[in-house]
Every structure is written in C-alpha cells, then in structure tokens.
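I have placed the structure first, in the form of structure tokens, so that the comments after it can refer back to it.
Since every read-out is calculated from the coordinates, none of them should be taken as a lab result. All figures in this text were calculated on a predicted structure; none of them were measured in a lab. Cβ placement follows ideal geometry from the backbone for every residue including glycine, while neighbour counts extend to all protein chains displayed.
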Amino acid sequence: MKLYQAELRLPAFPRGFHLITPQVLRAMPELKELQKGMLQVFIQHTSASLTINENADPTVRVDFESHFSKMVPENQSYYRHTMEGPDDMPAHLKASLLGASVTIPVAHGNLLLGTWQGIYLCEHRNDGGRRNLVLTAWGL
Amino acid sequence: MKLYQAELRLPAFPRGFHLITPQVLRAMPELKELQKGMLQVFIQHTSASLTINENADPTVRVDFESHFSKMVPENQSYYRHTMEGPDDMPAHLKASLLGASVTIPVAHGNLLLGTWQGIYLCEHRNDGGRRNLVLTAWGL
Amino acid sequence: MKLYQAELRLPAFPRGFHLITPQVLRAMPELKELQKGMLQVFIQHTSASLTINENADPTVRVDFESHFSKMVPENQSYYRHTMEGPDDMPAHLKASLLGASVTIPVAHGNLLLGTWQGIYLCEHRNDGGRRNLVLTAWGL
C-alpha cells in the first residue's frame, strides 16, 4: 500500500465559501499512482473549515455565507470569548459545524466526486489570512 | 494491507432520514476479510448526506426531519439559488451540516458501531431519486 | 503498512465541551511508530460527539455549550422522541451536527494538528456517563 502526504498553503481568501478542488489536485499529483484509495484534506485552523458541496452555480456559495452567518450570528450576549473580534467566536462554531476535513474515495487516479461536487474552503474570519492544509492519500 | 471498493446505488427514498446499515453491509461482503480496519461510506451528491445516529426508535428520525427543516428553512429572502425549487438550497445547506461521508472502524469483520448506532441516509430533496454511494474498506 | 487499534473508555464528563487530546495520545502510544499516516477517533454513542476546535481559551468551550443549546433547544413542541428526558433528543441532533469521529493526519509520530487545535469530547447529555472511543491509526 502507498501513502503520500503534502502540505498546501492557500493564498488568503475573503470571508465566504470558495471552491478549491483544482488547488487540491495540483498539490497531490501522486493521486495518479493510486488505482483505488482515499484522499483526506485537513485544515490546521479552528476558524476556517472544509466541506463538499455544489461546484457549479456560484450563488450556492453566496447563500452558504448568508445562511451560516444568520444561523451563527455575531455579538450574541452569551458569548464570553470576544477578545479577538465579533467574527471570531462565530468562526469557531461554524468551523465545528462544517468540520476540519473532507475524505474522498479515489479510483484510477481520480477523485470519485459526484458530477456536482467540489471541495470548499470555508473562510469564517473577515481577515483569516493564509490557511494551511495537509493532504494525505493512501491506497493500492 | 487490503483495500476494497464498491458502489451502492440506493433505491429512491422519500425526504427524511433513513437507516441504511443493512444495505451498506450487503454491498461490502469483503468486510469479513478484515481483522482490523476502516470502512468509509461516501455519497456522491450535494443535496443528500450521511450521518450516524440512533438505530432503534423511529421517532428520532422523524424529529431529525422536523428539526433540520426548521433550522434550515425554505424560502428565505436571502436565498439567491432558487431555480431548482424551494427545497433545493436548504438541501445543500443540510448536506454540508451533516456531511458527505461516515467512516467507521472495523474489527473481526464487523463494524465497531455502538449498540445504538446506525448509518442514516439523509434525503433532503422532496424527490431526490436514487443516490450513489461509494464504499471503501481498508485494513489488515 | 501498519494499522493499530485501541479502545479508550473515558471517565464521565459533565454536559459541555472538553479537551481530550492528552487522553487520546496516551491511549495510542503506537502513533510513534508512524512516519506518515492517519489517526481516527470514533465515539460509539449517539448523544455525545467529537470535534476539533481551539485548545487554549476555555471560554470557547463554554460558548460552544451556550450556542449549541440555543441552536438545538430542549422541549420543542415538534419533538416526538421525549421518553428519555428533555436533554435526549437535542443530544442526538447535536451529535449529528458535530459528528461521531475526527480524523487527523500524522507525521513523524505526531498528530499534525495546527497550533490551536485540540480534540473535544462533546457531552450533550446531563448525565451521559462514561463514553467509549475507538482509536485507529494507519500508515507507514
């Protein structure tokens, strides 16, 4: 069995949801060596997250930002962790709701994503800066 | 190390939450070959999802549908992705809240689920049709 | 490729969010044998969950409890699964929102967590008792 690991340091993205499937594929060319296997993408941060969702109409990503910012609002009276700004505690909550990783099956050197699936970077801070990902692929 | 991969094309399920542990086990008989390992179940769609929850009382699954449809309502004024019907954008949001995959440890050829745990297909569309899953198992 | 599996039976924790990274590391000393790989932590319950979030300021974990208990309230009129107490159905819903497992890349015998990341046990019941985890590590 083979196992490959790589780091991917993304450029800074604005707050919102962003398709990063091409960047992930470029950072792990060894995926082509796997007949069958898995790829995990892991984000080393607690105020940004990863998810899989629709890769076509960009209004889906706009609606993600609207909905998550309504479901997890800023400036709630019960927040005690407020030192790092009003967008910080909601960012931590959104990060756990969406998750720190996505794991995708691989066959014949390609991700087995559905036709409409893409990998999103979910940037929950107003100025999150650059984010580090760890990619790990394993299989036969 | 061994690695097995299979596709599972589910029948169409109505909107709601449905136990599919038996279907998953039937689609991956090679699980019996693993003394220790992992099984991932991945859904190739962006308006349905997978989760693990209680496998006994069916009212839990009814309450999941009620709660998720209240927490992520239809027809919000801020939705811009509305072309595919009022159940579509909420379906995308619910899919990311719950996730596109579940990964479960395996020992002695069996899933190491707790007594009350089962795998749910979460069908978020009114007429989602058949859904494709990819199962990948690896281990010794 | 190597694969290790261990069980970790946690002590009972009060309702809320609790850092358990040290307990996880102690239960899987074989992590030191992996040059590159993965660790999955899986919880065998449906009313408690696991997530990754900030490991420093404890008010983050307090705000998690406040926010999740507001987002998934007790005693909703639409709950039908009420036999096991008012904290039970919200616990199931929170467990699926956060998830039953976390999977973390490993390099040089260490978890590749970001500086601020830790593993949380999310105890959603008032008296959840002891919780069982299954740890599985694989790699080269």
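Some notes on this structure:
- Candidate set from the range C:53-80 (those that are buried (at least 18 other Cβ atoms within 10 Å of the Cβ) and within 14 Å of chain B (Cβ to nearest Cβ)); member that is farthest from A:ALA100 (Cα to Cα): C:TYR79
- C:GLN40 passes every criterion in (1) in contact with a Pro (Cβ under 9 Å, 6 or more places away or on another chain); (2) farther than 30 Å from A:GLU7 by Cα apart from (2).
- Considering the range C:69-111, the residues that are part of a loop (DSSP other than H, G, I, E, B) and aliphatic (A, V, I, L, M) include one that is nearest to C:LYS32 (Cα to Cα), namely C:ALA100.
- Residue list for the range B:112-133, filter: surrounded by fewer than 22 Cβ atoms within 10 Å (Cβ to Cβ), assigned to a strand (DSSP E or B) and β-branched (Val, Ile, Thr): none
- Subset of the range B:55-114 (residues that are in contact with a Cys (Cβ under 9 Å, 6 or more places away or on another chain) and basic (Lys, Arg)): B:LYS94
- For the range A:1-18, a residue qualifies if it is away from chain C (no Cβ under 14 Å) and either touching a Leu at 6+ places or on another chain (Cβ under 8 Å) or buried (at least 18 other Cβ atoms within 10 Å of the Cβ) (or both), and the qualifying residues are A:PHE13, A:PHE17, A:HIS18.
- Taken as a whole, the structure places B:GLY85 among residues that are closer than 19 Å to A:ASN53 by Cα and more than 10 Å from every other protein chain (Cβ to nearest Cβ).
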